[in-house]
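Down below is the structure, laid out as structure tokens.
The values are calculated or read from the model by the stated rules, or taken from the named source; none is laboratory data. Bear in mind that the values here come from a model prediction, so they are computed numbers and not experimental data. Neighbour counts run over all protein chains shown; Cβ positions are idealised from the backbone, glycine included.
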Amino acid sequence: MGVFARLSDLLKSNINDLIDKAEDPEKMVKQIIADMQKELTKATQNYGKAKASERLAETKYKDAVSVSSDWENKAKAALARGDQDLAKQALSRKVKADEEVATYQQMYESISTQTVTIGQQVELLKAKLEEAKSRQAMLIARAQMADTKRQLAAAQGGFDSSSAFEKLNRMEEKVQQKEAEADAFAEISGTQQDDLQQQFAQIENEQKVDQELQRLMAEMNGNAAPEEITPETAPVDDSAANEE
């Protein structure tokens, strides 16, 4: 084996080792989608908690506003009766309620802003998860196609096409030899059959000749009934015998 052939085999071996050690794309895609699903579940849960906190802060804020409004009405009622001291006491409670109103309003607005942000993140995760799911089948199919190409390339790399075609050529020569032998046997068989038919045809022809000979001899002998001539009683041609 030459130096370049050894280097080629070594390179193929190293590439195959790297591919085998690489992460399985199909498993990785499924894992990514599973992780995204977990993140979406967490984000959805956090969004639910944020909405609950928002509703609670809103309730606290509205309650504080209601308390402030109630103390103001009481102060008005006290002034209407001419009791300024009682009106001041009611307004003092209103001032504390207004402080709570400001506190709960700030809390409500902050939580509401955060809730909107979390809701947008949830929608974004949903969109990305749907996109990942839609791409999952395509990515897995492409990964499987790549594996198939690699396997075919590896199989082709270890396949000696010239040797295979030489074997096919030898098999074709053997088949042609068998076909020639079969044709020869058929031809010989047909020739033997023709010889046999010719022999029977010759016998039949000789019988017809003998019949014609008897007819002519009968006519020449005055229509006397000639003895039946058979191949055994037929006259022998001396000249033919002498020639033999």
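Regarding region 152-169, can at least one residue be identified that is at pLDDT 80 or above and either surrounded by fewer than 11 Cβ atoms within 10 Å (Cβ to Cβ) or more than 30 Å from residue 44 (Cβ to Cβ) (or both)?
Start the filter on region 152-169 by keeping residues that are at pLDDT 80 or above, which leaves none.
No - not one qualifying residue is present in region 152-169.
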Any hit, region 116-125, residues being acidic (Asp, Glu), surrounded by 16 or more Cβ atoms within 10 Å (Cβ to Cβ) and modelled with pLDDT of 90 or more: no
Scan (1) farther than 30 Å from residue 70 by Cα; (2) surrounded by fewer than 13 Cβ atoms within 10 Å (Cβ to Cβ) for the single condition residue 113 breaks and write down its number. (1)
In region 58-93, which residues are within 18 Å of residue 106 (Cα to Cα) and of a type in the set (Lys, Arg)? 60, 62
Confirm whether residue 100 is surrounded by 12 or more Cβ atoms within 10 Å (Cβ to Cβ), charged (D, E, K, R), touching an Asp or Glu at 6+ places or on another chain (Cβ under 9 Å) and in a helix (DSSP H, G or I). yes
Any residue at all in region 31-48 that is farther than 30 Å from residue 140 by Cβ, of a type outside the set (Ser, Thr, Tyr), out of contact with any strand residue (DSSP E or B) (no Cβ under 9 Å at 6 or more places or on another chain) and in a loop (DSSP other than H, G, I, E, B)? no
Out of 54, 26, report the one residue that is more than 41 Å from the chain's Cα centre (by Cα), surrounded by 13 or more Cβ atoms within 10 Å (Cβ to Cβ) and acidic (Asp, Glu). 54
Scan region 107-116 and tell me whether some residue there is in the same structural domain as residue 144 (by TED's automatic domain parsing) and within 30 Å of residue 135 (Cβ to Cβ). yes
